[in-house]
Amino acid sequence: MIKKVAILTNGGDAPGLNAVIRAIVKVAERNNVECYGFIEGYKGLLENNYVKLDSNTNAAGLLHRGGTIIGASNSTNVFNLPVKEADGQVVYKDLSDNCVENLRNLGIDCLFTLGGDGTQKSARDLSLKGVHVIGVPKTIDNDVAHTDVTFGFNTAVEVATDALDRLHTTAASHHRIMVLEVMGRYAGWIALESAIAGGADVCLIPEIPYDMDKVIDKIKERQDMGKGFSIVVVSEGAKPLNGDIVVKRKLNDGQGVDNIRLGGIGDIVAKEIEERTGIATRNTTLGYVQRGGSPIPYDRVLSTKFGSKAMELALNGTFNVLVTYNNGKLSYATLEDVVGRNKKIGAASGSTAETNIRKVTPDDENLKVARSIGICFGD
Ligand code: F6P
């Protein structure tokens, strides 16, 4: 019988985090289980900073609220944390035992980790130290392994699609090429779905290195047909054939969790298109509006399903798993499978490039549909 559970929300925020918290708290309370929230993800777990969550007070009115009421951090890997020594030198330390102790002292029977691949890697690592963990897949990038969908993704696609609708009218009025840079570090799901939903002509994603000649051919083909404008969607992680992703900024030399900021590929693509076609081209980088604000109804429902299922698994004693949603059904996968079998503890935790993420594959249905209607992927 479980008596106390805790939640942490880690990594970049995503619409639906509060809706998951709400569902977990509701199901917990209905089963006489106390629910706690660690403040700012693994940072709060490490610093023993937490609040009790109560659906009548601090956990009320959450369904539609963006962000996370318990805060998030995307720079704390408790297994490999940069610590400044007395001599000013930064050394990386494994402080995970402090987290295990904090959970034990508080009497937590199950920790819910709401996050993406990095968060679930640390969750798996904690489970190997005896902590009972249940992961819930969050990220607007939709790249967590073993689930068709993560919460927040569909809201991000809606925001990107709305942007494309708006860019369409201004592109048509001025006979311009409009480039939209969307999020998606190592997987192009947001770009792919918004390209279909927003009627883009070109879509460049990390999984398919692009050949600019092919992009120019597509735009010229449209010009020849009398279409004076074109719409190009680019994932932030897209790269040219034999080229590299565009890194905007490196923190801590790129070491640690999420210390590489991407961004800038939209400007590069726009400049090259303009130079090679002579057609006025503008880039818009959509940025954090994709992550902020209210979840759309789909994500409110999905988040509620995920939270309810996570608590159901805890009540049944099924731990060290990630809640999943595949082919319209809630289920779960082991954290070991999600992270990638036999990955070392601590190492590469939270480093998206190293972990086991779900990418767009050549046989993906949406990719095939997009190709069938003539969207160019630069290949
Ligand atoms: O992982 C989700 C995401 O939205 C990525 O697409 C993006 O690269 C990243 O977060 C940026 O997050 P931050 O600036 O908070 O590190």
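About the centre of its Cα atoms, the chain shows a dipole size close to 660 debye [charges on the beta carbon of Lys, Arg (+1) and Asp, Glu (-1) only; nearest 20 debye]. With an a/c value of 1.5 or above and a/b not larger than b/c for the gyration tensor axes a ≥ b ≥ c computed over the alpha-carbon atoms, segment 159-304 is described as oblate.
Result for the chain in a Gaussian network model with C-alpha springs under 10 Å: among M183, M311, M225, the largest mean-square fluctuation is at M225. Remark: spin-label model distance I373-V301 equals 2.2 nm, labels positioned 7 Å along the Cα→Cβ axis. Summarising the strand pairing of segment 79-212, around 40 percent of its internal DSSP beta bridges are antiparallel. If you run the Gaussian network model on the chain, springs between alpha carbon atoms under 10 Å, then out of N259, N18, N74 the most flexible one is N259. A straight line joining the Cα centroids of segment 172-242 and segment 121-171 runs 22 Å. Excluding V27 itself, calculate the net charge of residues whose Cβ lies under 15 Å from the Cβ of V27, where each Lys or Arg counts +1 and each Asp or Glu counts -1. In short, +2.
Relative contact order for the chain: what percent, with Cα pairs under 8 Å and sequence separation of 6 or more?
Values: 890 pairs, mean separation 87.1, N = 379.
Reported relative contact order: 23 percent.
Applying 1/(1 + (r/R0)^6) with R0 = 22 Å to the Cβ-Cβ distance of Y288 and K359 gives a FRET efficiency near 0.45.
Between R166, R300, R176, the GNM of the chain built on Cα springs shorter than 10 angstrom shows R166 fluctuating the most.
DSSP beta bridges fully contained in the chain are about 35 percent antiparallel. Overall, the ratio between the Cα radius of gyration of segment 80-145 and 2.2 N^0.38 Å, rounded to two decimals, is 1.33.
Please work out whether segment 273-331 counts as rounded, prolate or oblate from its C-alpha gyration tensor, where a ≥ b ≥ c are the square roots of the eigenvalues and a/c under 1.5 means rounded, while otherwise a/b larger than b/c means prolate and anything else oblate?
Working: a/c = 4.01, a/b = 3.11, b/c = 1.29.
Taking the square roots of the gyration eigenvalues as a ≥ b ≥ c, segment 273-331 is prolate.
Across every pair of non-identical alpha carbons in segment 1-98, the mean reciprocal distance, once inverted, gives a Kirkwood radius of 14.6 Å.
Computed from backbone phi with θ = phi - 60° and the Karplus coefficients 6.51, -1.76 and 1.60, the 3J(HN,Hα) list for segment 189-195 is 4, 5, 4, 4, 6, 6, 5 Hz; x is used for glycine and proline. Any idea what angle helix 17-30 forms with the longest principal axis of the chain, computed on alpha-carbon atoms, 0 to 90 degrees, nearest 10? Tilt of helix 17-30: around 30 degrees.
Note on the chain: the alpha carbon radius of gyration divided by the globular reference 2.2 N^0.38 Å gives 1.03.
Every number here is computed from the coordinates shown, using simple stated rules; none is lab data. Note that the structure is a prediction, hence the values are computed from the model and not measured. Neighbour counts are summed over all protein chains in view; Cβ atoms, including those assigned to glycine, are modelled from backbone coordinates with ideal geometry.
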